[in-house]
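**Student:** This is the structure, below, for whatever I ask next.
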Amino acid sequence: MEAENLMKAILLAGFVLALGVVVTALTAGQRTITRVLGTFFAVLSSIILLYAGIGLIVWGTTTTLVLTEVPAIKTRLTLQADMLSGLFLSLIAILSVPAALHSYAYLEHPHYRQEHLIRYYPMFLLFILAMVGVVVAYDLLTFLVFWELMTLASYVLVAYERQKPENLRAALKYFILTHLGALCLLVAAVILWVQGGSFEFQTVFATIEKLAKTRPMLLHGIFALLFIGFATKAALFPFGDWLPDAHPAAPSPISAILSGVMIKLGIYGFLRFFIWLLPTAAFPFAYYWSYVFGIFGVVSAILGGAAATVTYDAKVLLAYSSIAQSGFITLGIGAGMFLFKQDLQLANIAIAGAFFHIVGDALVKALLFLNAGSVLYATGSRRFADLGGLLESMPETAGTAFIGSMAIAGFPPLTAFVSKWLILQALLFSKSIPVTFSGVGMLLASIFSILYSVKFFSSCFLVKPMRPEKLEVPLTMRLSQLLLALLIIAVGLFPGLVLEGLSWIISDASMFGGAGQELAEVWQWAWVQPFTGSFSPLVVVGMFLVVLAFVAIAVGTERQPRKVPIWLGGELVKPEQLGGHPQGVPLREELLQRAYPRAPVPRWRPPSWFVKLLDPEAWMYRPVISGGEWISDLLRRAHTGVPHLYIAWQIVGAVIIALIVWLMFRS
């Protein structure tokens with residue numbers, strides 16, 4: 001009964017989102033009404049999805065619904081939600097709420113008022129609906145349909161500011177690269193269907209087992225196609241080249257969803273197809289592919305971090321940071337796949353660290369993109385050279401940005417410290433030289449994380465003299481940031497509670513069976529204590545408070561702050577010399593291309609019919625409005641106020657009705 005209710009909840013959330021798509025499209029001409037309705041539908045569906053997601057994890061259940069059967073391809077189109085689905089449903093729900101709240105005021109900025117809302121709220125809700133469909137699809141056909149729907153909806157959102165040519169080019173690059181990845185997934189799905197006769201995941205499981213025994217090279221080819229397809233969405237180097245272009249183009253709440261959830265669905269693809277759908281006979285393939293995961297993970301973490309350190313745009317910095325954080329997660333998954341045969345306990349620690357990083361980075365990256373959006377809203381710029389000195393002008397935004405920056409840097413007791421600490425222990429305590437060496441690469445990437453997180457916060461809110469004006473953003477934008485900041489603090493202070501739930505999810509995979517029981521004594525609510533070490537966030541906080549108390553006593557409360565000349569690295573500098581430069585970092589912006597080689601943004605002038613096809617305002621909204629105006633004008637003219645004319649209309653109507661009745665019954 002519980003499982004049936006959870007599937008009903010997921011379907012109800014899907015219905016609410018679909019209804020929201022239609023309603024916000026019809027009301028798009030009324031900006032205030034559309035913003036209210038769009039926020040309402042997003043929040044309501046998120047509450048329902050969060051109930052379903054947490055329920056799947058807490059009750060450890062799986063619920064299935066067969067939509068229909070397609071005999072021609074011997075496939076039942078199926079929805080199935082398990083604990084892994086529950087985790088990603090919860091992330092979609094949690095991040096959709098602050099994104100919707102932030103959008104409410106963000107879109108009323110004069111910069112966005114010229115853009116029509118029919119290209120935002122209907123696509124935003126459709127985007128959420130498609131992501132839900134991806135994580136509950138249980139056959140390849142349904143999975144690919146929702147995957148494509150997710151890509152198309154996000155493409156329209158990335159190209160929302162269509163007045164800027166650079167945004168359209170960025171959206172085109174995103175469209176091309178993600179569809180190349182989707183093509184790889186489609187080819188892999190067709191091969192699995194040819195070999196197994198069905199798109200259903202149960203058949204895929206059996207097909208992989210058969211190919212592992214009979215045609216191993218073909219199976220490696222299928223895994224290569226799947227890896228490229230999911231790595232493109234997960235933004236691993238070099239497949240994630242679209243991300244640094246898409247983020248500056250997209251509205252900031254959409255960037256929060258893109259990095260917070262959508263690229264995590266690439267990670268979901270890795271987990272579902274390389275671990276959850278892997279039969280025992282194919283476990284050796286996981287060992288081989290762990291090298292691929294490890295190499296791409298380390299390279300992405302290092303190059304993404306290096307590029308973030310030297311860039312001069314807040315949203316581009318966070319885009320490169322997303323590439324780096326995807327690298328950390330992929331490295332943790334690869335370590336778990338490598339170690340499960342050698343040391344299951346270390347493998348469980350590595351994969352638990354990867355899962356915790358999925359949760360932590362989703363929260364942190366969403367918060368930082370909302371922070372960047374708030375700064376853009378207040379100042380009109382994303383470039384660090386134009387920012388600085390906003391700490392006193394935007395105290396609430398600065399406070400939440402400080403929490404997000406410290407979290408992504410890996411400072412305890414916030415989220416990234418726990419996940420990196422677990423992954424690093426698994427890497428360094430392994431008896432394999434390549435795995436240990438990848439741990440050294442992770443340390444280097446972690447140093448980059450510290451550099452670019454400090455750069456983001458200092459360049460936005462410090463560096464320059466404080467600005468005298470008050471620039472704090474509206475209430476809903478502040479509330480969305482505060483919500484995420486509180487979640488980051490809660491997850492950081494009580495990681496054991498989160499890790500306990502994640503371990504039960506991991507134990508659902510046959511490769512890591514029993515992880516929940518083996519690590520039951522490791523994840524305590526107040527501390528994390530694997531056999532390799534022990535860490536308690538509350539102890540760290542307690543020590544900090546004690547030191548803070550001693551400092552307060554030593555300094556006293558009677559001292560008044562004094563103003564001194566600006567200094568940097570021990571030298572006096574003039575205010576005009578300050579900007580968004582990476583202070584203390586021996587890297588320069590001209591090294592960005594060397595740090596992260598990228599493909600150029602395509603320059604293409606699409607034909608006029610193609611532009612109109614992608615513009616629902618032109619072919620749907622305007623014709624409906626014009627037709628409505630014509631009908632309204634016709635009715636207005638008919639209402640002349642002359643009673644004799646109304647009687648004449650009634651007589652004509654009665655004659656027409658009588659004629660219709662006579663024609664129907666004359667036989």
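**Student:** Near K420, which lysines are there with a Cα under 28 Å away, not counting those fewer than 8 places off in the same chain?
**Tutor:** Answer for K420, where 28 Å is the Cα cut-off: K233, K264, K315, K341, K365, K431, K455, listed by chain and number.
**Student:** Sorting check: for 121-128, 167-174, which peptide has the highest mean count of neighbouring beta carbons within 10 Å, and how do the rest follow?
**Tutor:** My ranking of the peptides, most packed first, is 121-128, 167-174.
**Student:** Using the crude model of +1 on Lys and Arg Cβ and -1 on Asp and Glu Cβ, and no other charge, please compute the dipole size for segment 1-120 relative to its Cα centre, in debye to 20.
**Tutor:** 320 debye
**Student:** May I ask you to compute the full-extension gain from E166 to L444, defined as 0.36 nm times their residue separation minus their alpha-carbon distance, rounded to one decimal in nm?
**Tutor:** Separation in residues times 0.36 nm, less the Cα-Cα distance, equals 96.8 nm.
**Student:** Give, in nm to one decimal, the length gained when the segment between R636 and I47 is fully stretched (0.36 nm per residue of separation minus the Cα-Cα distance).
**Tutor:** 207.6 nm
**Student:** If R0 is 56 Å, what FRET efficiency do you get for K74 and K470 from their C-beta distance, rounded to 0.05?
**Tutor:** Given R0 = 56 Å and the Cβ-Cβ separation, E is 0.30.
**Student:** Same structure again: Could you state the number of Å between the C-alpha centres of segment 33-109 and segment 249-274?
**Tutor:** If you average the Cα positions of each part, the centres end up 14 Å apart.
**Student:** Report the label-to-label distance for A552 and T32 in nanometres (one decimal), using points 7 Å from each Cα along the Cα→Cβ vector.
**Tutor:** 4.5 nm
**Student:** Let me ask you something else. Given R₀ = 56 Å, what would the calculated FRET efficiency be for S381 paired with L663, taking r from the Cβ atoms and rounding to 0.05?
**Tutor:** FRET efficiency, S381 to L663: 0.20.
**Student:** Let me ask something else. Pop a pseudo-label 7 angstrom from the Cα along the beta-carbon direction at both W59 and A3 and give the gap in nm to one decimal.
**Tutor:** With each label placed 7 Å out from Cα toward Cβ, I get 1.0 nm.
Bear in mind that the values in this text are calculations on the coordinates, not laboratory data. Since we're looking at a predicted model, the values are computed, not measured. Don't worry about glycine lacking a Cβ; one is built from the backbone with ideal geometry, like all the others, and counts go over all protein chains shown.
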